[in-house]
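So the structure is just underneath, and the comments pick up after that.
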Amino acid sequence: MADTGTWPTGRTLGYGGDYNPEQWPRETRDEDVRLMAEAGVNFVSVGIFSWALLEPREGEYDFAWMDELLDLLHAAGIAVDLATPTAAPPAWFYATYPEARVVTRDGVPLGPGSRGACSPSHPAYRAAARNIASRIAERYADHPAVVMWHVHNEYGAPVGEDYSDAAVAAWRTWLADRYGTLDALNDAWGTRFWGQVYGEWEHVQAPGPTPATVNQAQQLDYARFTDHQLRALFVAERDAIREHSDKPVTTNFMANECPTTDLWAWAREVDVVSNDHYLTAADPRGHVGLSLAADLTRSVAGGRPWILMEHSTSAVNWQGRNVAKRPGEMARNSLAHVARGADVVGFFQWRASRYGAEKFHSAMLPHAGTGSRVWQEVVSLGADVGALAELQGSTVQARVALLWDTESFWAQDLPWRPSDDLRHRERTRAYYERLWRDGMTVDFAHPTADLSRYALVVAPASYLLTADAAANLTRYVAAGGTLVVSCFAAVVDEHDAVHPGGYGAPLRDVLGLRVEEFLPLRAGESGTVTWTYDGATTALGAPVWAEDLALDGAEVAAHHADGRAAGGPAVTRHEHGDGVAWYVSVPLDVDGLAPVLAAACADAGIAPSDTAEDVEVVVRHGHDADYVLAINHTEAAATVSGVEGTDLLHGGAVGPDLKVPAGDVAVVRMGPGPAAAGAGGPSGPEPRTTESRRRADATTFDEEER
Ligand code: GLA
């Protein structure tokens, strides 16, 4: 990732969203910019799906409407994140290059009439994408409205794996680059099993339909290849832009939602990390999933500020049941992203669509218009974001890291595992949520990363763990770190082959045990383990999964009270070098993890917060001050102790404790006095008065309570 120097919105936070005015008559735009000013919008993304309008026929361009739009936005003082429109190839492209369509695993080519990329492996699509990116960059490189480039849209969705002829040809080239020889490929994939040995590169297929399950190492490599091809498409467009412009380039990720992209690798290719996040309506605790996605985004960004490119003001339209946000929820969501490092708050989209697939999706300017509650909240949030200008560039620091390895997740998701019930996503969320409820700010880290700055490292789902990564974790503990490893860990290497020496072998020394056998439970069964560490006797539910462990130096912190492993160890603790390693061989739920993580935190010398559950508190560290952001997700007022300073949203002094009303958010600049930070400091709008804030709030939570 390049150092971008100045933040795209200057020394202020960005506020805005996707702006797709081409779906509206020309006269709407004047009203749009007037209302954007009212809402405090200073940043919009344009042109994301405009290829058919910008290049109506191959090689014929119409930039007049975009010229006018950019001029209009610039005159209104709104910065533009200008997109390349390659996520929606025009109908002429499909007609001219039908062989460039993506083909599904079942052999069905995907046609026009919707959106989604063509085959990232097809030279015609690659060339056309590069060409339109280059034309746009050439024309608008020096346009004063344009502050950054938004390449494509959400790589990996809706197009991920591709089984077209072009993809299969590229796959063979990719394999030849990776393995050099067919012998090396045969060894890596273990093709002697089930007689799959290859004698010619042309005989190697994509892992399409087969009589029984496809070779799993082959499937894992296909996931790597898919990610690589998508990223190569991004790089081609990015480099086309860089020939004309040195403004920062981004593309919007879907942290935690897109299974086909390895964000650690993607983040190295962009200048600024951006993310889209939508609540999962079926998840009643979606705000925790939001925090997880935001922490993951900040982590892949290397701790630098990032852009929340899209979220929703209220309901989305693409889930089974699209639950609208309740009063105040949008602001809590937006400011939770800010708390976790976002320096731009963006939405999909500015004005609700009348036509097409997303007409039931909420927007900043909803169908119900400017008289609506959603609009009032959008205006109120714009004022809040404006009042937080001085937070720009401040950072979040964590003492706890959760390991995140996309390759491990790909591998664990392959078929024919010991149990369908043990899911990396569920385990990651359970551990994350335990730490979230305990008020711990968490980074995500790759298992091979330098972990020395963390007091506690948690490995919730490390099914695939290379010998190098395991050595890294072992060194971390030996040097004094505290490590918590969850079940089904270090089972296979990078080729999905069981480690020599058996399950968990590379972690044997640090954990002080061997895993002899997996003991998955039948559907509906659940076991109990008894937590006895430090003199306690607590029964904890252990659903889905157990393991048969043989201790080799570890002490028992909890044992199985029943089931196939009755009497055997379930949770262990092992001192190794200057540190401690815990092994949790059962998938404890969020409550069950409480004593385990409390004990591990004690080993790590860190303490959970005493703030009420569901009151989220995060600190952003600036040059001149620290900022406490407190988000009260409960329906009761909350107190955060030890917060003294200036309330940037409500105005006035705070301290020695911070009171956060039910459903509200507070942002406090720590330190004495209401004065702004020093010279060259913040230049954002004045904080709103308590009274104006109350007026905005009166339309939110009070209404719900009536
Ligand atoms: C994604 C896309 C947007 C829009 C939203 C709807 O984030 O990037 O174009 O479809 O989903 O939630």
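Quick notes on this structure:
- Overall, the range 400-604 carries a charge dipole of about 260 debye about its Cα centre when +1 sits on the Cβ of Lys and Arg and -1 on the Cβ of Asp and Glu, all other atoms neutral.
- Three-way shape label, the chain, alpha-carbon gyration tensor, a/c 1.5: oblate
- Straight-line reach from Lys247: taking Cα to Cα under 25 Å and skipping same-chain neighbours fewer than 8 places apart, no lysines fall in range.
- Stretch gain in nm, segment His74-Ala212, where the contour uses 0.36 nm per residue and the Cα spacing is subtracted: 43.8 nm
- Assuming charge only on the beta carbon of Lys and Arg (+1) and of Asp and Glu (-1), the dipole of the chain about its Cα centre is about 600 debye to the nearest 20.
- Candidate lysines for bridging to Lys325, where Cα separation is under 18 Å - those fewer than 8 sequence places away on the same chain excluded: Lys359
- A Förster distance of 60 Å, applied to the separation of the beta-carbon atoms of Tyr198 and Ala607, puts the FRET efficiency at 0.60.
- Extended-chain gain in nm, criterion 0.36 nm per residue less alpha-carbon gap, Arg242 and Thr181: 18.4 nm
- Mean separation of Cα contacts under 8 Å, 6 or more apart, over the residue count of the range 42-260: relative contact order %: 25 percent
- Per-q log10 I(q)/I(0), the range 400-604, q = 0.13, 0.15, 0.16, 0.18 Å⁻¹ (Debye; single scatterer per alpha-carbon; no solvent): -0.62, -0.85, -0.99, -1.32
- Computed over the chain, relative contact order equals 11 percent, with contacts defined as Cα pairs under 8 Å that lie 6+ residues apart.
- Taking 12 Å as the straight-line reach from the Cα of Lys659, the aspartates and glutamates in range (excluding those fewer than 8 positions away in the same chain) are Glu644, Asp647.
- When both the range 76-145 and the range 209-285 are represented by their alpha-carbon centers, they are found 16 Å apart.
- Percent antiparallel among DSSP beta bridges (both partners in the chain, rounded to 5): 50 percent
- Positive-end extreme of charge dipole, the range 7-132 - chosen from Ala91, Ala39, Gly16 (charges on Cβ): Ala91
- Over the range 61-119 - Rg/Rh using Cα atoms and the Kirkwood inverse-distance radius: 1.17
- Protection proxy ranking of 600-606, 571-577 - average other beta-carbon atoms within 10 Å, highest first: 571-577, 600-606
- Restricting attention to the range 42-260, close to 15% of DSSP beta bridges with both partner residues there are antiparallel.
FYI, it's all coordinate maths here, none of it is from the lab. Note that the structure is a prediction, hence the values are computed from the model and not measured. Every residue, glycine as well, gets a Cβ built from its backbone with ideal geometry; the counts of neighbours run over all protein chains shown.
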